[in-house]
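Read the structure below first, then the notes.
Please treat every number below as a calculation from the coordinates, not as lab data. Just so it is clear, the model here is predicted, and its values are computed rather than measured. As a convention, Cβ positions derive from the backbone with ideal geometry for all residues, glycine included, and neighbour counts pool all protein chains shown.
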Protein chains: 2
Amino acid sequence: MIEERRERADAARNRRAILRATEELLARHRPEQISMEQVAAAAGVGKGTVFHRFGSRMGLMVALMQERAYALEEAVASGPPPLGPGAPPEERLTAFLDAIVDVVGRNKGLLAALGHAATATPRPEWKEQNGHRDGGDSADSADHAPGSRDGHPVYRFWHGHTSTLIAARRPDLDGELLAHILLGSLQSEPVLRLLERGEASRLAASLRVMAAGMLASPAPT
Amino acid sequence: MIEERRERADAARNRRAILRATEELLARHRPEQISMEQVAAAAGVGKGTVFHRFGSRMGLMVALMQERAYALEEAVASGPPPLGPGAPPEERLTAFLDAIVDVVGRNKGLLAALGHAATATPRPEWKEQNGHRDGGDSADSADHAPGSRDGHPVYRFWHGHTSTLIAARRPDLDGELLAHILLGSLQSEPVLRLLERGEASRLAASLRVMAAGMLASPAPT
DNA sequence: GGACAACTGGACCGTCGGTCAAGTACGTTC
DNA sequence: GAACGTACTTGACCGACGGTCCAGTTGTCC
């Protein structure tokens with residue numbers, strides 16, 4: 001099989017510049033307020049370049065999110081407890097929620113933007129002309145089929161892990177859905193605003209309360 | 001004092017037509033996918049009329065939501081228990097969450113759309129049926145004071161009621177935030193999808209689990 | 001150093017939310 | 001029932017934005 005040529009040096013430089021510019025913009029504005037032209041300008045490249053590399057607005061966000069979430073994914077899969085394997089489910093869940101709050105807090109509303117982009121992309125189909133290899137694995141990053149998408153990989157991983165932990169402790173509950181609910185709260189405006197005000201720990205605390213209450217043994221009544 | 005004149009007959013007719021058309025469109029599509037032109041066409045009026053009556057995309061959504069939520073507000077304030085006053089907080093909360101799931105289920109994603117629009121709208125306040133002068137001031141885009149707007153009235157009411165009920169039973173918790181988390185889940189994509197598949201009762205059940213776990217007396221640990 | 005593909009940039013397109021000035025018709029008053 | 005003031009209606013128009021296209025540039029391989 002033909003191994004892909006190495007990414008050209010200038011392309012790599014620009015890709016990094018775009019990602020960095022986006023991060024910077026994201027630190028100051030909500031994702032919906034950032035236009036692709038702004039990103040291009042901030043990165044010092046043409047708009048076409050941005051689209052060439054990332055395919056679409058959402059592609060950019062996904063790529064960025066993926067990068068940010070990578071470390072967490074690693075830590076969960078093979079890091080030390082309580083985040084990694086080895087600790088009891090409730091402790092792992094707590095640690096995981098804390099970690100997620102941290103990631104989301106440093107990327108205001110990115111998650112939310114992704115969630116909506118999923119529905120909002122009017123894109124009927126995806127032209128396969130893009131050499132879409134953003135920072136490594138992207139086996140499935142191209143499957144933006146409107147029908148089949150359950151969210152992007154990062155969300156899928158977060159949700160899968162959360163619901164697994166819930167199910168481990170309380171198989172009688174609807175872990176799948178509870179995980180969506182827990183994670184879904186990170187998309188809401190008021191919560192985002194809280195994060196913007198730097199009250200991440202307050203959010204983490206309440207999330208812990210919810211998780212604990214839910215995992216506690218069934219009410220004696 | 002001059003009373004506001006009655007709404008003109010044609011205006012009333014058009015307002016109803018617009019609201020109805022929006023509802024109809026909303027039954028088939030997500031709010032973000034509906035363009036104002038579409039609404040106007042479906043209602044059989046000019047685009048200008050829609051904007052004249054509702055001020056903006058969000059104004060329309062708010063008006064619609066308000067109408068839908070009115071009955072619930074009444075029931076909570078002065079209806080029979082468990083929704084109305086008289087029942088213990090946990091029962092009222094459960095009933096209230098069920099009712100909200102029902103309302104949201106019949107208005108796909110409206111809440112979510114509002115939540116997001118909240119950040120994007122320049123419209124500071126909206127009187128029910130106002131002679132609304134929208135020309136002239138173009139300085140309005142500067143007035144979204146990030147602190148002052150906590151979402152639209154409907155959300156404020158829902159949140160206020162929820163957090164009050166939580167606080168009544170568990171004053172030691174961060175009821176404000178927990179209410180946002182609970183309500184926020186109704187904005188997330190996966191949950192919306194669930195609702196679209198008609199699994200509202202499944203959602204209601206899980207919400208009850210969360211609420212119950214949270215209101216249960218503090219863990220003995 | 002030559003050839004070729006990958007990459008780049010920005011003019012361009014269609015759509016959308018929102019505006020406006022001119023026209024229309026409702027309700028009132030005599 | 002005619003005349004009148006005004007609330008209401010309209011659709012062309014505007015600026016912005018996401019996304020496309022392709023001619024020109026540049027890095028890489030031989």
message = Treating the point 7 Å from Cα along Cα-beta-carbon as the label, what are the nm separations from A:GLY46 to the other copies, to one decimal?
response = 4.2
query = Classify region B:1-99: rounded, prolate or oblate, from the alpha-carbon gyration tensor (a ≥ b ≥ c, eigenvalue square roots; a/c under 1.5 rounded; otherwise prolate if a/b is larger than b/c)?
reply = oblate
request  = Would you mind computing, in nm to one decimal, how far apart the modelled labels at B:ARG28 and A:HIS29 are, each placed 7 Å from Cα along Cα→Cβ?
outcome  = 3.5
Position B:SER78, label points 7 Å along Cα→Cβ, spacing to each other copy in nm (shortest first, one decimal) = 6.6
Cβ-Cβ FRET estimate between B:ARG106 and A:ARG6, R0 fixed at 60 Å, reported to 0.05 = 0.65
remark   = Partner shielding of A:195-208, as the mean number of partner chain Cβ atoms within 10 Å, equals 2
ask   = Per the Kirkwood treatment, what hydrodynamic radius in Å, one decimal, follows for region B:7-54 from the mean inverse distance over all distinct Cα pairs?
value = 10.6
remark   = Rounded to 0.05, the calculated FRET efficiency for the beta carbons of A:ARG13 and B:LYS47 at R₀ = 60 Å is 0.85
request  = Would you mind listing the distances between the A:GLU67 label point and the same position in each other copy? Use 7 Å along Cα-to-C-beta, nm, one decimal, shortest first.
outcome  = 4.7
